[in-house]
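Nothing in this text is a laboratory measurement; each read-out follows from the coordinates by a stated rule. Every value quoted in this text rests on a predicted model; they were computed, and no experiment measured them. Reconstructed Cβ throughout: ideal geometry from the backbone, glycine too, with neighbour counts over all protein chains shown.
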Amino acid sequence: MSLYKLIRPLVFSLTPETGHNLAISALKYGLVPPSPKPDFPELASELFGLKFENPVGLAAGFDKNGEAIKALLNQGFGFVEVGTCTPLAQKGNEKPRLFRLAEDGAIINRFGFNNKGAEAFVQNLKERPQNGIVGANIGKNKTSTDSIEDYIIMLEKVYGLSDYITINISSPNTPGLRNLQGREALDSLLGAIMAKRNTLSDKKIPILLKISPDTNTHEREDIAEISLKHNIDGLIISNTTIGRDFLSSRYAGETGGLSGKPLFKLSTETLRELYRLTNGKVPLIGVGGISSGDDAYTKIKSGASLVQIYSALIYEGFGLVTAINKRISELLCKDGFSNISEAVGVDV
Ligand SMILES: Cc1cc2nc3c(=O)[nH]c(=O)nc-3n(C[C@H](O)[C@H](O)[C@H](O)COP(=O)(O)O)c2cc1C
């Protein structure tokens, strides 16, 4: 039995948010043992100029302030995304704002971008180890009157400190944020961001866009078209959903973003559609409801070059990362592929 399975009853006896804060502290203070370094040469790939040792990443929101980067990189992930960070520190919504839906293998959160702000984030990024790929996920303050300005401030602050930058416009917990996915708003935002990047340094840091699964075909077409127009380096698909289908937990009615198993189908459909709409030209990161190597492999065959996980870690612990990598490796071999890149999008 894994160490996490042994201590999980203790973690689950705490409120979800206290359990989470404890996990961050344990990681930060070196109390979580590292995983053996994974060695799966067939899982290595190069995307937007970065060399990924394996495709399994930590999704944003776990380490919002970038406090435990070193320990997280030691858990077997191919990359770790920290944030979402906003220019100014903010408290987020009233507690309780995080719910475990154990019967559904799901989580609902309505944190609302609680974070310590850009200064603390930048300091933590400056102290990060240089080996290992780190993404910085950036957002806007709730009370900001100029959304574009907030993203530009964050872009300038984190530029050069992370290996890639994610523009998060898809959290359901910041009022109006998802409106930035609309055609005109997205065009203005990406236009401003890409123009700013050109002025920042000779080294082009990849810029990725994280999108919502709660979009219709027309909206997805717009997102694909505008992303291609601005040469976005990658898309992360997807954030949490506000949909609530077939849940049995008593917390099913809580407001916020739903993640974990019930998100798998919708986020994978969105991924497939974006792969098709971008003609496989833009690297995609598949996120949403992955709890096994088979799930991760389905995302890869649906167009994902990389995947990310969050909710399943709450139920399974970090041992899941290596288990997923091992299983993807087996499935690639079974299907006769010698490298992960050969399997990307084969089902679309
Ligand atoms: C508690 C919690 C907090 C999250 N916070 C953020 C965040 O700050 N920024 C972000 O881009 N996504 C955030 N997410 C979304 C995840 O990064 C991911 O897109 C989503 O949970 C789907 O993956 P999963 O089903 O593996 O959890 C959060 C998810 C959870 C469960």
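Here are the numbers:
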{"item": "Considering residues of the stretch 53-102 that are touching a Pro at 6+ places or on another chain (Cβ under 6 Å) and within 12 Å of the ligand (Cβ to nearest atom) only, the residue farthest from A296 (Cα to Cα)", "result": "L98"}
{"item": "Answer residue from the stretch 174-204, given it is β-branched (V, I, T) and outside any loop (DSSP other than H, G, I, E, B) and is farthest from the ligand (Cβ to nearest atom) among those", "result": "T199"}
{"item": "Of all residues in the stretch 234-255 being closer than 11 Å to S212 by Cα and β-branched (V, I, T), the one that is nearest to the ligand (Cβ to nearest atom)", "result": "T240"}
{"item": "The stretch 147-173 - residue that is more than 27 Å from G49 (Cα to Cα) and more than 17 Å from the chain's Cα centre (by Cα) and, of those, farthest from the ligand (Cβ to nearest atom)", "result": "E149"}
{"item": "Per-region count, the stretch 260-301, residues part of a loop (DSSP other than H, G, I, E, B) and within 15 Å of the ligand (Cβ to nearest atom)", "result": "5"}
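Yes/no per residue for (1) touching a residue at least 12 places away in the same chain (Cβ under 8 Å); (2) part of a loop (DSSP other than H, G, I, E, B); (3) buried (at least 16 other Cβ atoms within 10 Å of the Cβ):
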position: H20; (1), (2), (3): yes, no, yes
position: A23; (1), (2), (3): yes, no, yes
position: V32; (1), (2), (3): yes, yes, yes
position: K37; (1), (2), (3): yes, yes, no
position: G61; (1), (2), (3): yes, yes, yes
position: G66; (1), (2), (3): yes, yes, yes
position: K95; (1), (2), (3): yes, yes, no
position: R100; (1), (2), (3): yes, no, yes
